[in-house]
Structures are given as structure tokens and as C-alpha cells.
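One structure is given below, encoded as C-alpha cells.
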Amino acid sequence: MKNAGEAALEKVELSGKRSTPIKSMLGRRETGIVVPALLLFVFFSLFSDSFLTQYNMFNISRNLSFYIFIALGQAVVIAIGGMNLSVGAIGGLSTIAVGHILVNMGLPGSVAITVGLLTGITAGFLNGIIITKLKLNPFIVTLSTSFLFTGLVYGISKGYPYTDIPKSFTYVGRKSFLGFPIVFWMLIIILFALYYLYRHTVLGRRLLATGGNENAARLSGINTDRMIILANVLSGFFASMTGVLYVSRMGSAQPATGQNWMVTSFAVAIIGGTSLDGGIISSIGLFAGGVIMVLIKNGLILMEANVYFEQAFLGMIILFTVSLDSIKDLLKVLKNRNSED
Amino acid sequence: MLILKNITKTFPGTKALDDVCLSFQNGEIHALLGENGAGKSTLINIICGIYPNYEGTVILDDKVLKLRSYQDALETGISIVNQEIQTIPDSTVAENIMLDKLERFQKWGRLNWKELNNKALEYIKMVHLDLEPGVKVGPLSTAQKQLIQIAKALASETPVLLLDEPTSALTEHETATLFTLLRELREKGKNLIFVSHKLDEIFALCDKVSVIRDGRWIGTDKIQNLDREGIIKMMIGRETSDEYLGVLEPDRDTVVLEVKDLFLKNKVNHTSFQLKKGEILGFYGLVGSGRTELAKVLIGEDRYQSGEVFVNGEKVIIRSMSEALKKYGIGYVSENRKEEGLILDFSVETNIGLTIWDKIRGKISRKISRTKEDKIVLPLIDRLKIKIASPQQEVSSLSGGNQQKVSIGKWLAADCDILIVDEPTIGVDIGAKEYIHDLIWDLAKNKGKSIILISSDLPEMLKLSRRIMVFQNQNIMGTLDDLTGEPKNNDEVSLKIGGLMI
Ligand SMILES: Nc1ncnc2c1ncn2[C@@H]1O[C@H](COP(=O)(O)OP(=O)(O)OP(=O)(O)O)[C@@H](O)[C@H]1O
Ligand SMILES: [Mg+2]
């Protein structure tokens, strides 16, 4: 006779595929978002002539990449049960750091990139250390540091943009490879790396476990403080990477970079199925979230709609995605009630 | 009279209740028994409106109930002591007790704290809680929270009272007080339904017994017509062999853990002891006597102010659970599975796997080997008889006892040299309890692991430990050495333990 464990083992091997052990990658949340993203895409291809043009596709995929880069800075901390209100400020700080080094100091691009990224990593590390060691709420900590970093941005730049960025520095942000922007390829690689990290590695699963229940994770021998610091460092890294790429794309370093990132980062991360309770993050979801975001902006322009309504659309979509689960539950209750009568 | 007719309840992948018919009389304490996952909590949650969707009919005093929420149930005269502790940590004891009736203490839109505290105090005293109404609930012990929940249900003063494992975190003494109280309520003609896995309690308290197995009604009878073996057989379909486990032969010369004069204000009071290799050392005491507090200091969750700790003869300072586990091979099964043991939204497999990922990942790919994970996790699921639809099922959808098994399974998988188990069998059924005892025994006897057993369950303590330290008010009152564990000595040992606690 087989015991239950063996039977289960067999079932797993027979069916070949299995559901994810942590509701991480292809959870139910994503179908709810991938489908609307696809529908939106089809809709605009059918109803707008200029939508599928090469020029527009280039633009869309590049904007998409930037939206998702911004969202990554938020998603990685939401997934451990935290948040980062200073993503934009960190992005701005890196932007300014790059501008300062390239223009005022005249140093090469490699130095600028390194310092730009280190700025973000350091800022994220600072957030993480304060949150864990002083046991403070991430909301308060990152709200405060966002003022701190923004202050530095204006202090260093005095509010002026750095415009004399060498042409060579704009290569990555402006050029394409195999028909798609280089930043889009970067996005694909990063999303795959994150998929692998969260789905398959110990580190990724520990990060998610910390988000799922910090106490239980800590008492299972996970160094949760380290996980929180790491997530904040990652968040800082993505914010600064986005900042550096903005300079490359714009050909200038604007002190205003990052000012509207906070809202965008939450919007795309949440639409993309990152659980505000922690414990869930999804590459595919984030991609779909970015698609929706960019299509709303791009589509409204193409349809010559009143673009000033853009935010209203976004708000509705966020509300819709976060209430998907509750709507499903409601429908179920209603169905049961009807079948009872 | 409360009547259930043809109740069926289906969850995705499980039929939790299947055509159950039962009736409960006023002035009776009716025990509802069954294995973990049999459907007891589901039934109780249906009666009190927490699960509004089910097939069948619930009738209270000739009226068909159509409850949509627990609020409805309270208004109809039904209240529940939930199996899971659901206190609000940042509110006071009084607020927690009066939570569903706070508006009664409101005047001109303002809460009358004095009246609230006075009223709450009545119920605090009723359950013999030694607490001020104004203290916050968060830092209290599991047992104290349990008593607060009971007080809360009592304060609703409803004719029907459902008690889903109210005694799981209580000691004998507290349980006895509760029983006196419940008997008084029975005299007053209340309708009481009582769920417990402790058969002694059933015989001491209840008038009638109903058993369900796999969601189906098995039988109902007066307690006079039943005996222990009969009930067990109805519940699990076989007999248990609560047999004597034998002698343990620890390596008396090898001290794996030594604690010297450990002190942490209000938590650990100048404690010293030694743990030998292959030994099961019992920490016995009433709730709040400082056993969990000591354990938390040992695993680095709390820092001690003075004293010394030695692991394998070497002086150490353990700063966190992760250090305890990785450097010193110390594990800790928490008494509070919900808050500290489990990640409820994650799968059973992930929860058990938490402690072993390091050992089963690829060197270069860093990838967790699913096959290796299955090889460790699935046999444990099987040995602990965890009732699940698949290893990918979310832990939150398991019955309480099965969640507890997951919480223990995680640490059995970890293969620790020193394992501290804090109330390991809370809410676990009789059959599964035996498996867990066997597993713990096997670790010490055959694998040379050293165990600290914290338990308020005296029979469990006597069965497993061959050395028992008795705790009271953060002090060690005495140690009973060289116990044989033979059931014939149990009374004598219990008396000795009682004698140590003044
Ligand atoms: N939300 C849910 N989703 C899926 N299955 C569920 C859900 N809630 C309960 N179940 C299943 O229903 C069955 C009955 O569970 P229930 O909690 O009633 O058991 P119980 O008799 O109270 O057990 P215990 O003694 O462990 O508390 C179990 O198999 C459980 O896994
Ligand atoms: Mg139950």
C-alpha cells in the first residue's frame, strides 16, 4: 500500500507541472491583470491607425520600461511588507549625482554611473538600517528621508538642470537593438532575473516569507532584519538605476526627476499584483501593470481624448484591481444565495 | 433547543460537513468530538453565522435561523469562544471583553471608561484572571488571551454558548475554574456546546457526546453510556496505544546546553540548568510562570541582562533565532502558531520547508531543489497525518490541529541538535498527539537529540520527560530527577510537583 506522501509525490511527478509553492509568480492575481492588458492592447490596435506604427511601438516600449523600473523600486519593498516613499527622491538624487559628475567634474560616464548607483544603494541601505535597527515604521522613515534626499537634490543643483551631458552618455537611453529600445531589453532581463530570484532561490523565498509573516519568518531562523535591509537596498538600486537611465534618455539631468514617481510606483506595483500585505510579487504581473499604465497614457493621446482625465482613469483601474478578489467573493456569495432560494 | 438538519458544507477541494443532523438541549453541556479536520469548527462557525453559506437548516427554539454574520448570531442569542485567539493587541483587556457591546458604555458620544472597566472587571474575576481591566492585551500570554476570549463570550450573556477548544492553552487549574463556571451556566439552563481534544475534560464536564468523522455524524450518546476506548474508537476508527515509552538513556557526561544564573528583569530570575545529550528535559508550570520567557532568551529573541550560556561547553552569546539555528543547531517550536509559527497565506510545503532551504539548494544555481524538498516534506506530512487536499494548500485553510502539525513539522524537518518545543500538542487530536510524542521520543532516544519540553499538559509531561523542572513566578521551584515515566508512578510524581508549587 502506498502512503499519502508517496501518492502525493507521484501525483506531482505525473502531472509534470505544479502550482507555485509560494503564491508568487503565476498566481491567480495575474490572470486578472494580464487579460485586461491584452484587451487594452487589442482595442488600441483596432481603433487607432497610429498605434501599431514602429515609432509608437518604440515609444511605448521605452515608456513601459521606465514605468516598470520605477515600480520595481516600490514592489521589492512592498513584497517584504514595507514601502518606500523616497523612491522618487532617491531617483532625483542619483540624477543629480550623474549630472554633477559628468558636467561639473567632467569625469567619464563609467564613474557617473557607478556613483549614481552607489548613491541609490546607500540611500536604500540607510532606509533599511533605520527601519530595522530603530524599529521604526517604514512609512515614517521613508517619508522623512524623502525630504532629506530631495533637500540634497536642490542643495546640490540649486534647482538648475545639468544640460551639457556628453552625447555618448545618451546611447543606452535612446538607441535600439533588434527593433526594441535597449532599455526594454534591460527590462526583460531584469524581470527574468527577479522571476528566478523570487521563484527559485532561497534568498527570494526568504524575502517573501518575511513579507508573509515577519515574526514567524524570524522565528524560523530567517534573518528578517537582513531581508528588510536588502529589500531596501534593492529598492534604492532600482530607483537610482532609473535615475541614471533618465539622464541617458533626456540628455540632461533634471532636478525635478522623480517628483511624480511615488504615485506611479505604487500604481504600477499594485496593478501588477504586488500584495500590499507582503509576500507576493510577480514579474508577469508587473509587466502587465506597466502595459496598462502606458496604454492609458498613450492611448488617451492617440484617441485625442481629454488627457487631463488620465489620473481619473488610473485611479479607477487601481481601485478595480485591488478589489478584484473582493468582487470575486461577492459574486460567489450572490451565486450561492440565488441557488439556495 | 438547537437543531441542525442535514447540514452540508463544501470548501474548494474538501467536503467539510456531509449531511449532519444534531440537536442540542438547554441545560446541557454537549461535547462535539472528532479528529483534526473532522469538521467541528466548521459546524460551530455555521451555527454562529460566521459561515453564512451552507446547505441544510439550523433551527433555534422552533425558528429557522438565517444568520448573515456573527453580529446576527449575538442578537439571536448565540456566542462563541473561537478556537483561534482573536484579541486586539493594542486595546485594553476591558475593551477586548466588551468589544461587541462598546456602544452600551457610550453616553453623549463619549465612552464611559469607568463603567466599562467596572463591568469588564466582573467577567475578569469570573474567569479568575489576575489583571487590571486597563492593561493592553498585546504582551499577555496565550492563556491570558484565551481567558479574555472566554470572558468576552460570557459577557454576551447569551442562552447558547459555543466553546471551540477553550481549554487548549489553559492549565489544569484554570480549566477547573472554567468548568465550575460552565456548570453554573448549565444550572441556569444554558445550551452549551463544548469542543476539546482532552477526553478527561469531556468526562469531567459533559452530559452528552457527539462524534463526527470526516464531516459525517458518527454517533451521539449520554456520557454515562460511554468509556474512553469507545469514544476514541468512534473518533479515529482504531484504538490508541497510549503505552509507556520506556527508559531514556541520555549521555550524562555530555552537556549540550548549560545556563548559569541567567537574569532578565521580570522574565527570567537567576536561572541555572543543564541539558544533557539525548535528554528530554521538562519545563512544567502554570501559565505565565516564565517558561516561554526563558526559551525566548535562549534563542536570542530577548537579551538577558546577566548570566552565562554555554553550548557544547563553549560560552556563547546568541543574538537571534537565525544565529541559534545556523550556528548552534537550536530550534524552537512556538506556542503561538498563528503569530509566530506559520505564514498563513503560504502553502503547507513552503511552511515546512522554511528551515531547510539552505540545505537543499544548488551550489551554483542557488536554486531550491523541489525534488529534495518533497523528499523531506512529504514524508513528514504523512507521518504527522496532516489532513490536506495537496501540499500546495494554503495553511490558513487547514483546521486548527492540522495547522499545529505544520508548525511542528517545520522544526522536525530542520534536524536540530537542541529542540525547544513549547506546547507542541495544543489543539492536536488524540491520535496525532501520539504520533508527535513518538517523533519527539525518537529524536531523543534514537537520534541523540536534546529536547526541552515546555508543556502545561501534565500527562504529556510525565509521558515524555525523565527530568522535570517546576517553574513558578519566574523561579525554578525544584527539579525532579530520574523519573521512570511509568504510569504507575504518575500520581506520586504529580503530588511531588504539586508540593513544589506553593
Ligand atoms: N477555508 C477553507 N478552505 C478549504 N478547506 C477548508 C477551509 N476551512 C476548513 N477547511 C477544511 O475543512 C475541514 C474541516 O475543518 P475544521 O476546521 O472544521 O476541522 P476541526 O474538526 O475543527 O479540526 P481541529 O480539531 O483541527 O480544529 C478540514 O479538512 C479543513 O482543511
Ligand atoms: Mg477546529
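The values are calculated or read from the model by the stated rules, or taken from the named source; none is laboratory data. These numbers come from a predicted model, not from an experiment. FYI the Cβ positions are ideal-geometry reconstructions off the backbone, even for glycines, and counts take in every protein chain you see. Just so you know, the surface numbers come from the protein's heavy atoms only, side chains and all, with ligands and any DNA or RNA stripped out. Shrake-Rupley method; radii C 1.70, N 1.55, O 1.52, S 1.80 Å.
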- prompt: What share of the DSSP beta bridges in the protein assembly as shown is antiparallel, in percent to the nearest 5?
  reply: 60
message: Explain nothing, just compute: Karplus ³J(HN,Hα) = 6.51 cos²θ - 1.76 cosθ + 1.60, θ = phi - 60°, for every residue of segment B:400-411 in order, whole Hz, x for Gly and Pro.
response: x, x, 6, 4, 4, 5, 5, 4, 6, x, 4, 7
- prompt: Using only the Cα atoms of segment B:343-415, what do you get for the radius of gyration and for Dmax, in Å?
  reply: 11.9, 39
task: Could you tally the net charge around residue A:69, taking each other residue with its Cβ under 12 Å from the Cβ of residue A:69, Lys/Arg +1 and Asp/Glu -1?
output: +2
Lys, Arg +1 and Asp, Glu -1 on Cβ, resulting dipole of the protein assembly as shown about Cα centre, debye, nearest 20: 2760
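Got a sec? What order do B:441, B:357, B:108, B:113 fall in by accessible area at 1.4 Å, biggest, i.e. largest, first?
Descending order: B:108, B:113, B:441, B:357.
Which order do B:123, A:195, A:160 take by accessible area at a 1.4 Å probe, largest first?
A:160, A:195, B:123
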- prompt: Taking segment B:205-253, which GluC sites (Glu not before Pro) meet the DSSP loop condition and have no more than 12 other C-beta atoms within 10 Å?
  reply: B:239, B:243
- prompt: With every protein chain present, what accessible area does residue B:477 have (1.4 Å probe, heavy atoms only), rounded to the nearest 10 Å²?
  reply: 60
- prompt: Under the Karplus relation 6.51 cos²θ - 1.76 cosθ + 1.60, θ = phi - 60°, what is the ordered set of whole-Hz ³J(HN,Hα) values for segment A:76-84, x standing for Gly and Pro?
  reply: 5, 8, 4, 5, 9, x, x, 6, 9
message: Need the full-extension length gain, residue B:203 to residue B:132, defined as separation in residues times 0.36 nm minus the C-alpha distance. One decimal, nm.
response: 22.2 nm
- prompt: Label points 7 Å out from Cα along the Cβ direction at residue B:244 and residue A:107: separation in nm?
  reply: 7.9
field: Linear extension gain, residue A:305 paired with residue A:331, 0.36 nm per residue minus alpha-carbon span
entry: 6.1 nm
field: Heavy-atom accessible area ranking, 1.4 Å probe, most first, across B:10, A:119
entry: B:10, A:119
field: Accessible surface of residue A:100 - all protein chains present, 1.4 Å probe, nearest 10 Å²
entry: 60
task: List the equivalent ellipsoid semi-axes of segment A:44-187 in whole Å, largest first, each obtained as the square root of 5λ for an eigenvalue λ of the Cα gyration tensor.
output: 30, 23, 13
- request: Please work out, to two decimal places, the log10 of the ratio I(q)/I(0) at q = 0.11, 0.13 Å⁻¹ from a Debye calculation in which every Cα of segment B:192-346 carries one identical scatterer.
  value: -0.70, -0.84
- line: For segment B:256-302 the trypsin sites (Lys or Arg not before Pro) that pass both the DSSP coil test and the at-most-11 other-Cβ-within-10 Å test are B:265
task: State the antiparallel share, in %, of DSSP beta bridges confined to chain B, rounding to the nearest 5.
output: 55
query: In degrees, nearest 10, range 0 to 90: what is the angle between the Cα axis of helix A:4-15 and the longest Cα principal axis of chain A?
result: 60
- prompt: Hey, what do the phi angles of segment B:120-128 turn into as Karplus ³J(HN,Hα) couplings, whole Hz, using 6.51/-1.76/1.60 and θ = phi - 60°, x for Gly and Pro?
  reply: 4, 4, 3, 6, 4, 5, 4, 8, 6
query: Amide H to amide H, which residues 5 or more places from residue B:419 or on other chains are under 5 Å from it, using H placed in the peptide plane?
result: B:331, B:450, B:451, B:452
Compactness index (Cα Rg / 2.2 N^0.38 Å), the protein assembly as shown: 1.06
query: So, in Å, what gap is there between the alpha-carbon centers of segment B:54-115 and segment B:462-488?
result: 41
- line: FRET efficiency (residue B:75, residue A:175; Cβ distance; R0 60 Å; to 0.05) is 0.30
statement: With label points set 7 Å from each Cα along the Cα-to-Cβ direction at residue B:263 and residue B:365, the distance between them in nm comes to 5.5
- prompt: What residues qualify as long-range amide H neighbours of residue B:477, i.e. H under 5 Å apart, gap of 5 or more or another chain, H built at 1.01 Å from N?
  reply: B:470, B:471, B:472
query: Tell me, what is the FRET efficiency for residue B:227 and residue A:133 to the nearest 0.05, using R0 = 60 angstrom and their Cβ-Cβ distance as r?
result: 0.50
- prompt: So what are segment B:35-154's ellipsoid semi-axes, whole angstrom, largest first, if each one is the square root of 5 times an eigenvalue of the alpha-carbon gyration tensor?
  reply: 29, 19, 11
query: If one computes the Cα centroid of segment A:83-115 and of segment B:287-354, what distance in Å separates the two points?
result: 43
field: Rounded percent of accessible protein surface that carbon and sulfur make up, segment B:343-415, 1.4 Å probe
entry: 54
message: Using the Cα centre of chain B as the reference point, and only Cβ charges (+1 on K/R, -1 on D/E), how large is the resulting charge dipole? Debye, rounded to the nearest 20.
response: 1240
- request: Starting from the amide H of residue B:33, placed 1.01 Å from N in the peptide plane, find each other amide H under 5 Å away whose residue is 5 or more places distant or on another chain.
  value: B:210, B:211, B:212
task: May I ask for log10 I(q)/I(0) of chain B at q = 0.05, 0.06, 0.07, 0.13 Å⁻¹, from a Debye sum over the Cα atoms as equal point scatterers with solvent left out?
output: -0.20, -0.29, -0.39, -1.36
query: Just the accessible area for residue B:54, please: 1.4 Å probe, Å², rounded to the nearest 10?
result: 30
- request: Quick one: check the C-alpha center-to-center distance for segment A:27-79 versus segment A:174-193, whole angstrom.
  value: 14
- prompt: Rg and Dmax of chain A, using alpha carbons, in Å: what are they?
  reply: 21.7, 78
Using a Förster distance of 41 Å, the FRET efficiency for residue B:447-residue A:122 (Cβ separation, nearest 0.05): 0.30
